[in-house]
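Coordinate-derived values only; no laboratory data. Treat the numbers as computed from the prediction; the structure is a model and nothing was measured. Don't worry about glycine lacking a Cβ; one is built from the backbone with ideal geometry, like all the others, and counts go over all protein chains shown.
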Amino acid sequence: MQRIDRIAEPWGTRTPYGPGESWPTRVDTHLADGLTEEDVDRWVQSASILHSNGDALDIAVKDERIVGVRGREGDRVNHGRLGPKDLFGWQANNSPERLTKPLIRRKGKLVETDWETAMSAVAGRCTELLEEQGPSAISFYTTGQLFLEEYYTLGLIAHGGIGTNHVDGNTRLCTATAAAALKETFACDGQPGSYSDIDHADVIALYGHNMAETQTVLWTRVLDRLAGPNPPKVVCVDPRMTPVARAATVHLAPRPGTNVMLMNALIHEIIANGWIDREYIQAHTVGFDELEKMTEEYTPEVAAEVCDVPAEQIREAARVLGQAERLLSTVLQGFYQSHQASAAAVSVNNINVIRGMLGKPGCGILQMNGQPTAQNTREAGADGDLPAFRNWSNDSHVQDLARVWNVDPMEIPHYAPPTHVMQMMRYIEEGTIRFMYVTATNPAVSLPELARIREVLAQDRLFLVVQDIFLTETAQLADVVLPAATWGEKTGTFTNVDRTVHLSEKAVEPPGEARPDLDILLDFAHRLGLEDKDGAPLVKWSDAEGAFEGWKECSRGRPCDYSGMSYDKLRGGSGIQWPCNDEHPDGTERIYVDGQFWAQPEYCESYGRDMITGAPVEETEYKALNPTGRAVLKAAEYTGPHEMPSQEFPFQLITGRTLYHFHTRTKTARAPQLDAAAPEVWVEMSASDATDRGLTEGDVLEVTTPRGRVRARLRISGVRPGVLFLPFHYGYWDTEKGSQPKKKEAGRAANELTVTDWDPVSKQPIFKTAAAQVERVASGKGKPAPAPTTTGSAPVTGAVPPTVGGDSARAQELVGGQA
């Protein structure tokens, strides 16, 4: 047993293991200062809430307060390990800044009120607009951090009760392309891979996926394989020198916006060298001839010119991918938030499919999520899609959902694709959407082109409801603010990237008058008087377990089948992977075994879209293309980014995450160890670009795009030349100062600078190709940027003190077999 500074050493102690072996256990624990495990009154089952890995943990409770966490040794996901956000993020629950009473806007100011007044205002305004304009006036924008039961209830209220098509989640900003890519290749959402594929793979390819910072425990698993015998080779595609890039066998650092060019060149090389499984392609796919023809002209030399990556590096990466015996591929924001996002992510699928690398140990694809319950948002229909991966273009699917809900099929909107959040903002600007219900997300910081978003959300004709745990930047613009309970204060389930479902039990009471999100939604539905076609209440449940039982019936027979699960079955032991049903009572580790897909025309979730225009494929066209439900190999030609560097704006700006924060720091800024590790925004630039401009570490720069300005200290890092990096977590004003910036002042939120543009297929905003310039406004005077040294922002010049957490950041590690 040892105590490790988990800010200084985010991934903890190595426990090496070899291919095919079981990942050794290591139980990580962090308790409030001075407490020991013997002091804890009780331990309550849960899982991580500040990233998508799904680390299983127990919540420590003493004197009815959360006082720490401990990893669950027997869980299949983390084998007891926890990351820094797991270990320290729970402190946000105890923050004195928590919302404890409803707020309502009176004479331009938010003032405290009671629940009856607040909910009467919310339901009353919704009812008025339904009578005046109809469902098109009403919109919902939710999160990736609620529970499955809450998403399903929200989807039922919005789709089955109100009948609006304006429903989306902030998963649009992080995982919409994951869903789109899976739908394009396999005609259905659902991850083909399993985390245990890391135990078997001989090549792990990470495309725009800084796993070391976004899923620290999963990267710990990779590090332990790399430290053991016969380690896997690692291919990394990222314009920054991240911890993943430093561990890579081959690191490709393309120009932002050129991912499709690079992927086409990799596919070209793999096909040209015969590193494909022709028998698998012939038996289980359609579209290979078109893919081969499309990529013929994309040689490494052609790609080298566009991507600014050496042709031999591209060849070497293709050789590693093409000669792998067990290939695991993962994808995240570097592809999802960039130009031609869906086409690039689909190309990753193409490589695994043409190599026959699916459905076997070590052979899989993880189109990763960024949030703990992003998968549930998509499954339950809170991102606008129909629940349980039903196809909104298939009338029989709509009729089946109407049967489950006991409503008329025509009451469920399916006349057009669901409205994504960026389109919602346009409708608000135009005045057609006049009610927006925002749950557990902060679009006033996270959406692109913030000056515009602030104006949109502040419109008098928009009735804005915000349901959250803190008074966020978005909540400060609201007409009504509803104080919610959060993780540890309510019960529900959530599902991670590899389809593992965990139960999170209520450990403590929420503060003040805060209520669980499910209770608030049930109250809202009751006040609206929503009924089924027999006149009974539309929502049939009154608690989380009842909602879960309702969801089980909705998912029965669909790909994401939960019908074999129960709360009792999820208690203790390990999480369970869906599908879990009579055929697979213990869950399913890998899907698409032996080329069996969910792509049959009558069953699939989507018929697909055109990769360039985003136009939907018609049912008849899909049936002609894929009558027997095979995997679809889709090719896409490369097109240049919409905003290119110029003499005035010579850099390309990319935004992203850091290991120590989550989204807009609503929770992590209130965990002292996490906040101290990355307390303020910074901007990264390469050493050559800094030298050319006479800049040094810590200089105060103003970063400008055609949309705004951000002021930040300079970190000279391993980012590729010509590129600037800004972390997106920081709000557009310093909340400690308590004031918003004046219009002409430089802000600190990266999204002051990003462009209103999105991928045509997934509708995911593009955060990684803005043209930018920099200007030094003050000398650093020897003070370094406030960026961590342990991450992708590690300095490459100057003497910068290492990032440490000190005694308060020490966590206990108990490696399996230790006494």
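A simple spin-label model places the labels of Thr100 and Glu775 4.7 nm from each other, with each point 7 Å out along Cα-to-Cβ.
Using helices alone, what [θ] at 222 nm do you get for the chain, with -39,500 (n - 2.57) per DSSP H run of 4 or more residues, divided over all residues and rounded to the nearest 500?
On the way: 25 runs with 218 residues, N = 819.
That comes out to -7500 deg cm²/dmol.
Seen through its C-alpha gyration tensor, with square-root eigenvalues sorted a ≥ b ≥ c, segment 482-602 comes out oblate because a/c lies at 1.5 or above while a/b is not bigger than b/c.
Taking 0.36 nm per intervening residue step and subtracting the Cα-Cα distance, what contour gain separates Glu131 from Val593 on full extension?
Numbers: separation 462, 0.36 × 462 = 166.32 nm, distance 5.07 nm.
Roughly 161.2 nm would be gained on extension.
The DSSP beta bridges internal to the chain are antiparallel in roughly 55% of cases. Note on Asn273/Lys109: beta-carbon distance plugged into 1/(1 + (r/R0)^6) with R0 of 51 Å gives a FRET efficiency of 0.15.
Taken along its principal axes, the alpha carbon cloud of segment 166-220 reaches lengths of 42, 26, 17 Å, longest axis first.
Hey, how many Å between the Cα centroid of segment 205-239 and the Cα centroid of segment 549-613? If we compute the Cα centre of each part, the gap is 27 Å. Looking only at segment 672-711, which residues have a backbone nitrogen under 20 Å from a spot 7 Å from the Cα of Asp807 in the C-beta direction? It comes to 672-677, nothing else. Placing +1 on the Cβ of every Lys and Arg and -1 on the Cβ of every Asp and Glu, with no other charges, gives segment 2-96 a dipole of roughly 300 debye about its Cα centre. Other residues lying with their Cβ under 10 Å from the Cβ of Ala599 contribute a combined charge of +1, Lys and Arg counting +1, Asp and Glu -1. Placing dummy labels 7 Å off each Cα toward the beta-carbon, the span from Ser688 to Glu296 is 3.5 nm.
Dipole of the chain computed with +1 at Lys/Arg Cβ and -1 at Asp/Glu Cβ about the Cα centre; of Val40, Gly108, Leu724, farthest Cα towards the positive end is Leu724. When +1 charges are put on Lys and Arg Cβ atoms and -1 charges on Asp and Glu Cβ atoms, the dipole computed for the chain relative to its Cα centre reaches about 2000 debye.
From largest to smallest, the equivalent ellipsoid semi-axes obtained for segment 80-185 from the alpha-carbon gyration tensor read 30, 26, 11 Å. Note on Glu37 and Asp543: the extension gain reaches 179.0 nm, defined as 0.36 nm multiplied by sequence separation minus the Cα-Cα distance.
What the pair-distance distribution of segment 651-788 shows, using all Cα-Cα distances binned every 5 Å from zero, is 2, 10, 19, 23, 21, 15, 7, 2, 0, 0 percent. Each label was represented as a point 7 Å from its Cα along the Cα-to-Cβ direction; for Lys533 and Ser22 these points are 5.2 nm apart. Using Cβ point charges alone (K and R +1, D and E -1), the dipole size of segment 142-250 about the Cα centre works out to roughly 320 debye. Which of rounded, prolate or oblate describes the chain when judged by the alpha-carbon gyration tensor and an a/c cut-off of 1.5? Rounded is the answer for the chain, as its axis ratio a/c remains below 1.5.
The alpha carbons of segment 2-96 occupy a box of 46, 27, 27 Å along the principal axes, longest dimension given first. For segment 204-360, the gyration tensor built on C-alpha atoms gives an oblate shape. Its axis ratio a/c (a ≥ b ≥ c) is at least 1.5, and a/b is not larger than b/c.
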